[in-house]
Amino acid sequence: MDEKIVNEDDLGDLRRSHYSFQLSRSNIDETVVIIGWISSKRDHGNVLFVQLRDQFGEIQVVVKKKEVSSDLFNTLRNLKEHSSLAITGVVVEQKSSTDQVEIKPNEIKILSISNKPAPFLTQSVTSVGIDTRLDLRAIDLRRNYLQFVFRIRNTIINSIREYLTENYFVEVNTPKMIATATEGGAALFPIFYYDREAFLAQSPQLYKEQLTMAFESVFEIAPIFRAEPSRTNRHLSEAISIDAEKAYVDYRDMMDHLEKLIQHVISQISKKNADDLENLGIDLPQVSKSFVRITYTDLVRKLQENHKYIRWGDDISPKMLKDIFGDEFFFIVDWPSSTKPFYVKTITEDKLSAEKEISEKKILSESFDLMYGGLELSSGSTRINNKQILIENMKKKGLNDKAFEYHLRVFDYAVPPHAGFGLGLERLIMAILKLENIRDATFYPRDIDRLTP
Ligand code: ATP
Ligand code: MG
């Protein structure tokens, strides 16, 4: 074949008249403009079948050799997957299927040419390793599988906004460049802030708590940054957190909200993404009943039946939980205070004395983790709203209260009792879509090994 440089056409004033989903038998004989990229091509010698993909789906274009110039026919024949075309043509009935239509082109513009064959196919589940895919993520994201996943992600994030907004939560944004660690700990990314050191926020915690003073019920959907030195399938260095915080409620009310939020999300997916779910071969998790709420203490007792070495106060390994709970949503409540951050309220003495076995050393907190099988999706709690108690707790956790002066200052003006949670968006997507790797729940994953693309 003689190599010939093909000029790409200008888009100019040409615009699409219909998306693929807008074309049906009612458009037969109409002249339309469709625009998109080639997701696949079949060459039958004198006829080319081109699948043109747009934002919503595909439409078949049938190019007959005798109906276009031989130059154009040859160019099209040699075009690789992913090249972009604009086609003006007539809608005709598809021969092989009576309910579908295809396009018979009058004019074809080649808008953009792919120079290399892609390392993975658009249609199939690929066996190519995740690193190869991530290196060419924008192309990877064109694959059917990820298209279904990210369409569902879109429903998830919209329905979360919908639920929280309908329940009077106000959407806020808090700074991502901060002066001190929110929760202490080493999981922070330092940055240069003019002539000072600053950090990327690991959570909007203290800001969202403050904002309950002004707006009562707030939420934020934004990145959190965690310098996670470990390589796991459920940790990202940059993740999206859905943070909610509300005045005049406690952790039980926030568990009720979280439960209803998840139920709303699942019901919206089942309404809006039936096709995507079918294509993925996935059944949505059951959320008709209310979620089990098991106390940390009861859970430890239960785990001790099979795992003798577990002690009260230990963190709980997700793997063991999967054995007991399988794939379902449940809450672990009333965690030891020692396992939770400084701003989490402890359970008061009289509530404590009800649980006879728990000695004074075993201080519990008004806290919960929402789990799905062995995966942590969310942590929440009632927060401390008393300045003195907060300072004491900071000291207990080895934090310097002077570094939090900017935060503690507002506690002189009566911070209301409040509670809230942080829910990991990618973790939620993983749970609902049974993804093995959290990296496929995000567009451009960041982890210890990856800072590009
Ligand atoms: P884990 O123990 O699983 O590392 P965590 O308890 O440190 O999580 P929290 O500080 O409780 O996390 O954050 C609230 C939620 O944010 C978590 O339940 C999780 O869904 C999400 N999240 C936290 N860290 C990450 C991360 N590195 N990558 C993805 N999501 C995260
Ligand atoms: Mg947590």
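Restricted to Cα positions, what overall size does region 125-212 have along the principal axes? Three whole-Å values, descending.
Each principal axis gives a Cα extent; for region 125-212 these are 45, 39, 23 Å.
Over region 78-182, what number does the Rg to Rh ratio reach, with both radii from the alpha-carbon atoms and Rh per Kirkwood?
Numbers: Rg = 21.4 Å, Rh = 18.7 Å.
That ratio is 1.15, to two decimals.
Could you give me D for region 167-279, from Stokes-Einstein at 20 °C and 1.002 mPa s, where the hydrodynamic radius is the Kirkwood radius over C-alpha pairs? Units µm² s⁻¹, please. It would help to have the intermediate numbers written out before the result.
Working: Rh = 16.3 Å.
It comes out at roughly 131 µm²/s.
Along the charge dipole of region 138-441, which of 274, 178, 318 sits closest to the positive end, that is, farthest toward it, with unit charges on the beta carbon of Lys, Arg, Asp and Glu (+1, +1, -1, -1)?
The one lying farthest along the dipole's positive direction is 318.
Using the beta-carbon distance between residue 197 and residue 406 and R0 = 22 Å, what value does 1/(1 + (r/R0)^6) give for FRET efficiency, to the nearest 0.05?
On the way: r = 16 Å, r/R0 = 0.72.
Efficiency, from the Cβ-Cβ distance: 0.90.
Based on the Kirkwood radius over alpha-carbon pairs, what is the Stokes-Einstein translational diffusion coefficient of the chain at 4 °C with 1.567 mPa s viscosity, in µm²/s? If you can, show how the numbers build up before the last one.
On the way: Rh = 25.5 Å.
Value of D from the Cα-based Kirkwood radius: 51 µm²/s.
Sequence neighbours fewer than 8 away in the same chain don't count; with that in mind, list the lysines whose C-alpha is under 27 Å from residue 64.
4, 41, 80, 95, 104, 109, 116
Taking H placed 1.01 Å from N in the peptide plane, check which residues at least 5 places from residue 18 or on another chain put their amide H under 5 Å from its amide H.
33
Counting Lys and Arg as +1 and Asp and Glu as -1, each charge on the Cβ, what is the dipole of region 178-256 about the Cα centre in debye, to the nearest 20?
Working: 7 positive and 13 negative charges, 63 e Å.
Approximately 300 debye in magnitude.
Compute the relative contact order of region 189-247 as a whole-number percentage, counting only Cα pairs closer than 8 Å that sit 6 or more residues apart in sequence.
Numbers: 81 pairs, mean separation 20.6, N = 59.
Relative contact order here is 35 percent.
Only Cα pairs under 8 Å and at least 6 apart count here; give the relative contact order of the chain as a rounded whole percent. Provide the component values of the computation, followed by the final result.
Numbers: 791 pairs, mean separation 59.2, N = 453.
For the chain, the relative contact order is 13 percent.
In Å, the Kirkwood hydrodynamic radius of region 20-112 over pairs of distinct alpha carbons? Numbers along the way, then the final one.
On the way: mean 1/r = 0.0764 Å⁻¹.
Radius from the Kirkwood sum: 13.1 Å.
For the pair residue 301 and residue 388, what calculated FRET efficiency results from E = 1/(1 + (r/R0)^6), where r is the Cβ-Cβ distance and R0 = 35 Å, to the nearest 0.05? Don't skip to the end; give the middle numbers.
On the way: r = 34 Å, r/R0 = 0.98.
So, using R0 = 35 Å, E works out to roughly 0.50.
Nearest 20 debye, what's the magnitude of the dipole of region 20-112 about its Cα centre given +1 on Lys and Arg Cβ and -1 on Asp and Glu Cβ? It would help to have the intermediate numbers written out before the result.
Numbers: 12 positive and 12 negative charges, 69 e Å.
Using only the charged Cβ atoms, the result is roughly 340 debye.
Over its Cα atoms, what ratio of radius of gyration to 2.2 N^0.38 Å does region 19-64 give? Could you put the intermediate results ahead of the total?
Working: Rg = 11.2 Å, N = 46, 2.2 N^0.38 = 9.4 Å.
Its radius of gyration relative to the 2.2 N^0.38 Å reference: 1.19.
So how do 413, 343, 194, 444 line up by other beta-carbon neighbours within 10 Å, fewest first? Could the numbers behind the result be given before it?
Working: 413 8, 343 22, 194 5, 444 14.
With the fewest neighbours first, 413, 343, 194, 444 line up as 194, 413, 444, 343.
Report ³J(HN,Hα) in whole Hz for each residue of region 114-123, in order, from the Karplus equation J = 6.51 cos²θ - 1.76 cosθ + 1.60 where θ = phi - 60°; Gly and Pro get x.
So the Karplus estimates, Gly and Pro as x, are 7, 8, 10, x, 6, x, 8, 8, 6, 7 Hz.
With +1 on each Lys and Arg Cβ and -1 on each Asp and Glu Cβ, how big is the dipole of the chain about its Cα centre, in debye rounded to the nearest 20? Display every interim value, and only then the final one.
Details: 60 positive and 67 negative charges, 127 e Å.
Dipole size: approximately 600 debye.
No lab work stands behind these numbers, since they all come straight from the coordinates. None of the values given here were measured: they were computed from a predicted structure. No Cβ is skipped: glycine too gets one built from the backbone with ideal geometry, and neighbour counts run over all protein chains shown.
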